[in-house]
Protein chains: 2
Amino acid sequence: MNDPHSYPHRNVKWPPKDQMVIGVHAIRELFDHAPERLIRIFTVKGKGERKSELLESCEKKGIPIVYTSLDDLTKMAGSESHQSLVAHIRGRSFLDVKEFLEKTEEQERVFVLMLDQIFDPQNFGAILRSAECFGVDAVAWSKNRGCDLTPVVAKSSCGASEIIPLIRISNLADSVEKFQKGGFEVVAALLDPKSESAFGFKYAPKTVLVVGSEGEGIQPLIQKKADRSIYIPMSGKIGSLNVAQATAVLLALNNLD
Amino acid sequence: MNDPHSYPHRNVKWPPKDQMVIGVHAIRELFDHAPERLIRIFTVKGKGERKSELLESCEKKGIPIVYTSLDDLTKMAGSESHQSLVAHIRGRSFLDVKEFLEKTEEQERVFVLMLDQIFDPQNFGAILRSAECFGVDAVAWSKNRGCDLTPVVAKSSCGASEIIPLIRISNLADSVEKFQKGGFEVVAALLDPKSESAFGFKYAPKTVLVVGSEGEGIQPLIQKKADRSIYIPMSGKIGSLNVAQATAVLLALNNLD
């Protein structure tokens, strides 16, 4: 068995999981918006118009390409969904709540999305992508109560995981209080029709919107600490949207004004 | 090798793929909203609070439970994501455009969601779920230009695939014309900022909203035939939402009034 973190033929180290992005779309977005983050690209020889175009752009920018086997890429990524492209990226930098509050103190409008218990990597990725698309200032999440930033998350996010500011939190309930002391209104998205309707809801200039998992929702302590709660009125028989869809709707409604 | 469509020990036929729903949530929704569709449930002996609760409810209603092995369930479903529950359901009935137009002729407001080239089963499922949640009157799609209704779609849709009226179409472009002749305005969702903004957009009383795949979008012929086009204004660096999120946003905006 080869050491899974060293590429035997070329003596190039394999990227650790938290410094890896897979898939053509995610790597393309990263190349377009943060090319300095790309250390090198692992791929296999072969066709694929979009892939070739991306590799050419990388080569022009001086980002090294390492050719390896499909099997190695799958081992490297721990998933078969790499589309023959694995990027080794420079480590992410995370903010803590204090740093974020200092950084945005002078900003008139600040919108933070906080995630509670989002364990599904595809939902996590889709939420990061929506958050980036709708110009959310940061996503706050706790890897103790949610999914870690895996290569599958990065791919599902279409690279947004590498572009959007991330606040890594150890205790979500404590950080809710910190945001409130920093002048933020904390809004919990619930399935409860006794909450305010999200249609027509006016978010405060500084808002933390908390969304929870489909199964478990938002933990009771955070629901209790929240200043307000909202729900999305629905007209079907099935009670609730998938959390990634619900979050996209809430973020879009915030962008209406 | 056993015949994969007959259960050897109990002489119970395995459900064909198009008469199968998997997963606890999807089967629960079906039980709650269309129990007459359930022929029988296949499961394994074992724990799981939600599962037991569901099985008890089924037994009370006289829906037979067949105990089998985990391995058989996986073979039956063609996927490991069955959560130990596979339901054999009575076949879906589909509408054609003509039937649907006749059925809704007297209805003042009718909203149809048309899907073009949605091949990813999880996106297809999530879109069906959003459509059901937001009270869409029917979803029209062509299995020639999109995903078929597989057990994974049914699960991702949380059972919505079995509840929402479905219009199965062989030629999407032809059906666009049929809807237009029936008094419908056809609106294409595009990524093109020259389209009308979805924020503040007023849908006609009878509307067909067409959404396309992320990669390919809506086929040019349908774009050309559409009466209007809309896009979702975004403020991030990444150009586009995932199609399931984008569709949820467009459906929510339609529910605003």
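Here are the numbers for the structure shown:
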{"item": "A:C133 open to solvent by 10 Å² or more (accessible area, probe 1.4 Å) and either of a type outside the set (F, W, Y) or in contact (Cβ under 8 Å) with a residue 40 or more places away in the chain (or both)", "result": "no"}
{"item": "Residues satisfying the stated conditions in the range B:86-97, i.e. more than 20 Å from B:V153 (Cβ to Cβ) and either at pLDDT 95 or above or in contact with a Lys or Arg (Cβ under 6 Å, 6 or more places away or on another chain) (or both)", "result": "B:V97"}
{"item": "Qualifying residue in the range A:181-194 (condition: touching a Phe, Trp or Tyr at 6+ places or on another chain (Cβ under 7 Å), without any contact (Cβ under 8 Å) to a residue 60 or more places away in the chain and closer than 19 Å to B:L241 by Cα)", "result": "no"}
{"item": "Tally of residues being open to solvent by 50 Å² or more (accessible area, probe 1.4 Å) and in contact with an Asp or Glu (Cβ under 8 Å, 6 or more places away or on another chain) across the range A:166-179", "result": "1"}
{"item": "Residues being farther than 14 Å from A:Y67 by Cα and in contact (Cβ under 8 Å) with a residue 12 or more places away in the chain - total across the range A:39-57", "result": "5"}
{"item": "The one condition in (1) aliphatic (A, V, I, L, M); (2) facing another protein chain (nearest Cβ under 10 Å); (3) open to solvent by less than 10 Å² (accessible area, probe 1.4 Å) that A:V208 fails to fulfil", "result": "(2)"}
{"item": "Which numbered condition A:C147 fails, given (1) away from every other protein chain (no Cβ under 14 Å); (2) at positive phi; (3) not β-branched (V, I, T)", "result": "(2)"}
{"item": "Selected residue (criterion: nearest to A:S161 (Cα to Cα)) from residues of the range A:54-96 that are within 23 Å of the chain's Cα centre (by Cα) and assigned to a strand (DSSP E or B)", "result": "A:I89"}
{"item": "Residue match in the range B:142-162 (condition: in a strand (DSSP E or B), within 17 Å of B:V186 (Cα to Cα) and open to solvent by less than 10 Å² (accessible area, probe 1.4 Å))", "result": "no"}
{"item": "Conditions (1) more than 8 Å from chain B (Cβ to nearest Cβ); (2) in contact with a strand residue (DSSP E or B) (Cβ under 9 Å, 6 or more places away or on another chain); number of the one not met by A:A246", "result": "(1)"}
{"item": "Selection count, the range B:97-124, where residues are under 18 Å from B:A160 (Cβ atoms), over 12 Å from the mean Cα position of the chain (by Cα) and in a strand (DSSP E or B)", "result": "2"}
{"item": "Whichever residue in the range A:72-122 is farther than 23 Å from A:A244 by Cα and among the β-branched types (V, I, T) and, among such residues, is surrounded by the fewest Cβ atoms within 10 Å (Cβ to Cβ)", "result": "A:T74"}
{"item": "Considering residues of the range A:28-48 that are in contact with a Phe, Trp or Tyr (Cβ under 8 Å, 6 or more places away or on another chain) and more than 12 Å from A:H88 (Cβ to Cβ) only, the residue least open to solvent (accessible area, probe 1.4 Å)", "result": "A:V44"}
{"item": "Filter result for A:I232 (touching a Lys or Arg at 6+ places or on another chain (Cβ under 9 Å) and within 14 Å of chain B (Cβ to nearest Cβ))", "result": "no"}
{"item": "Residues being within 14 Å of chain A (Cβ to nearest Cβ) and within 15 Å of B:G212 (Cβ to Cβ) - total across the range B:84-117", "result": "1"}
{"item": "Subset of the range B:12-21 [more than 14 Å from chain A (Cβ to nearest Cβ) and aliphatic (A, V, I, L, M)]", "result": "B:V12, B:M20"}
{"item": "Residue count for the range B:22-48, restricted to those that are in contact with an Asp or Glu (Cβ under 8 Å, 6 or more places away or on another chain) and away from chain A (no Cβ under 12 Å)", "result": "2"}
{"item": "Yes/no for A:K51 being surrounded by fewer than 20 Cβ atoms within 10 Å (Cβ to Cβ), in a helix (DSSP H, G or I) and away from chain B (no Cβ under 13 Å)", "result": "yes"}
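The values are calculated or read from the model by the stated rules, or taken from the named source; none is laboratory data. It should be emphasised that the depicted structure is a prediction, and the values quoted were computed from it without experimental measurement. We place every Cβ from the backbone using ideal geometry, glycine too, and count neighbours over all the protein chains shown. These area figures cover heavy atoms from the full protein model, side chains too; ligands, DNA and RNA do not enter into them. Shrake-Rupley method; radii C 1.70, N 1.55, O 1.52, S 1.80 Å.
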